[in-house]
Every structure is written in C-alpha cells, then in structure tokens.
Amino acid sequence: MKLCAALLLCVIAVAGQDFSQIPLKDPFNSFSAPAVEGIQISGKEIAAFKNGDYVHPTFSPDGKVLAYSKVLVRRDFENTEVLLYSLSTRRTSVLLNSQRAKKYATYKAFVSEMEWRSPRRLDVVIGDGDVDSTRLTFDPFRRRLLREKHESSADDWPPPMSPLQRQARQQAVTLFPDFPPEVLDSELLNFAPVLPGKGIVLREKGGVSFLDFESKSQKRLISVPGNAPYNLNGGLSFGSSIIIAVSDRSKTYLFLYRDEKIKPLAELKSPGHSWIEVKHRSSEGVVFLVRTHATYERGDNPLFIFNGDRLLQVKEYPELHDAAVDPAGQRIAFCYWDGNQRHIVIKELN
C-alpha cells in the first residue's frame, strides 16, 4: 500500500524521549512533550471540489466512490445535498438533492453522519435542526432510496457498545468483581480507551488509571491535582501501545502508554472538548484525527500518523476540518477551510 512509505518514515521522524515511569505528576503544569515533526504524504491531485461548502468525505469500501455532502445556506435556512464522485469515470452525480432533503428539516437539514455499509449500501443521517433526524439508506449504484427511518435523540442514549467494548467489559467484570459496574459502563460509553485483551484506561478521582487484566490490578497512569479540571477524551490502540487523549480548558494532551510506562507525545491547542477519530488502520500504523474544534467551527483539527513508536503530524493544509483515507491506503481526501467554506481535495498517497 502506498501509505506504507509514509508510515515507515515515523521511525525517524520525532526526537523521542524515554518512557517516564508512572505516574506522571501534574501534566497540566509541567507537561513536556517532544516537538512533533510534520510530513506531507500526498502526491498527485485527482479531484477538487471548491465551488461551495463541502463536508463528510467518505470513501466506499472498494475505494471506487467518494460520497460527500454540500452545505447550502439560503436566507438563513440551511439545507444540504449528498453527492457521489466516481474515481473511475471522474464524474460527480447527485444522490440526494436539496429539494428532497428539505422535507427532512424542522428548522434546517444537514448531514450529521455518513457511513458505507457495503459498496451497494450507504447510510446518510439528516439532522432536522431540532432534536431528531432521519436515517436514509441508499443503493448508490442505482441511485435509489431504499429506506427511511426516523430517529429521536432519546434513542441515541445509551449508545451500543462495540464488540471490543463488550469483550473488555466482560473481562473487567470477571477479573474485578468489586469494581462498580455502573462506573465501568459509564466510562466505556464515554469512549474509555481499550487495549484489546490487556485492559481499559479509566478516568478516576485525581487522574487517569489503567485496569490491568494481566496483573489484575488498577494502576495510576496520570496524577492530576484535585482542583485541576480535565477530561479523558478517549484514545486508540495499536499493537501493544495505546494513545490517550486528556484535555483541560485550553489544551489537549496526547500520551503513549506501553509496557507499564507512559510518555507525553503532543500538546495541542483545544478551545473545548476534543476527541480522536481513526481514519485508517493497517499493520504498519494508524492514521487519526484529533477533533479539537466543533464540526461547525473554523479551525485546525490535526491529522497524525502513528506506527507504534513515533508520531508524525500530517502537514498539508493549515486549517484541516476532516480527512478520509480509502481502505487500500492509496488515496486521501482532505477537507479544509478556505475562508468561510470547506473545500475537498482528493490526492494520491505517496
């Protein structure tokens, strides 16, 4: 895969620090992380969508089609369209036009989620500008709407656990029978990072800990002063490593936990709540975005590559809104701010 070359560069990219023994005291006042080196990973431009405000680039499972949406604002009313771009024919077609999308609005209509179930099934969730939404299932190949399902915000909680979360919960309940199950469920539903088969990273009073399945013990990873506001904002696992995101009022901090040791990776400006979105995963590494700004806010949401040891920040656009990598790791779609609009560019990966 073409992405491998960029991932392999991770091994020489960052001047690393040795792992610090746990716990790492007061990270918000004495946090010291190495500077993260930038890298450009894209090559030839394949297509660009710049004559409007475009969001949600999403590659089909076979990598042949990019679905995306267009934000339309007319006289204070926001509407949307859903479009498809064929990578083989280099043509754009409309899957859902604004006239049809308008009927799903209460105060406005906007795409809040887009997910390919298969090359022949695409789910698009249209928010109504109030509290509800409609899930549309399309056959993109035939341009047919197959199903509409009304969804209420009350139906979204609690969200279903992933298979990985369910397995980790079962292990935790078995190994730690005295651990409050309601606390465990709350942490998992709030995206507590899981290291498969090894344990769960949890927020606790005074810091962040690791529920270690192998040693059957709870280990403090990060100690935070009692008066310091902070949030554990999820993370991701790769091999035997796990990246943890922790935020205070103004910054997000990335930590790497491995072999019972923790080390600071990066410090990011973050005006509010932030979270990690995995964009591509392979045996060589993982590509992920840290969303430090709300989806409607202008600002840079940094994109990173991690190979288990080193971290690189992808430096293609100064204000990145989103990104998508095709399943084969051959192409990337950047969604970036240009003025008050977001544009999308599809490029080949070096």
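Annotations
- Start at zero, step by 10 Å, and the Cα-Cα distances of the chain spread as 5, 23, 31, 26, 13, 2, 0 percent across the bins.
- Inter-part distance, the range 185-226 to the range 74-101, computed on C-alpha centroids, equals 43 Å.
- Selection of trypsin sites (Lys or Arg not before Pro), the range 299-350, meeting DSSP coil and at most 16 other Cβ within 10 Å: 315
- Part-to-part distance (alpha-carbon centres) for the range 310-336 and the range 241-303, which is given in Å: 14
- Lysines with Cα under 16 Å of residue 261, excluding same-chain neighbours fewer than 8 positions away: 25, 198, 219
- Listed by chain and number, the lysines whose alpha-carbon sits under 20 Å from that of residue 269, ignoring those within fewer than 8 places in the same chain, are 251, 315.
- Note: relative contact order over the range 65-161, using C-alpha pairs below 8 Å and six or more positions apart, is 16 percent.
- Rolling a 1.4 angstrom probe over the protein heavy atoms with all chains in place gives the chain an accessible area of 48 Å² per residue.
- Helix 163-175 axis versus longest C-alpha principal axis of the chain: approximately 20°, rounded to the nearest ten.
- For a straight C-alpha distance cut-off of 23 angstrom, the lysines reachable from residue 149 (same-chain residues fewer than eight places away being disregarded) are 70, 102, 103, 108.
- Think of it as helices only: each DSSP H run of n ≥ 4 in the chain is worth -39500 (n - 2.57), and spread over all residues that comes to -2500 deg cm²/dmol at 222 nm.
- Accessible surface of the chain [probe 1.4 Å, protein heavy atoms]: carbon and sulfur percent: 47
- Distance distribution P(r), the range 32-118, all Cα-Cα pairs, bin width 10 angstrom from 0: 14, 39, 26, 15, 6, 0 percent.
The values are calculated or read from the model by the stated rules, or taken from the named source; none is laboratory data. All of these numbers come straight from a predicted model, not from anything done at the bench. Don't worry about glycine lacking a Cβ; one is built from the backbone with ideal geometry, like all the others, and counts go over all protein chains shown. Note: areas computed on protein heavy atoms with side chains; ligands, DNA, RNA excluded. Shrake-Rupley method; radii C 1.70, N 1.55, O 1.52, S 1.80 Å.
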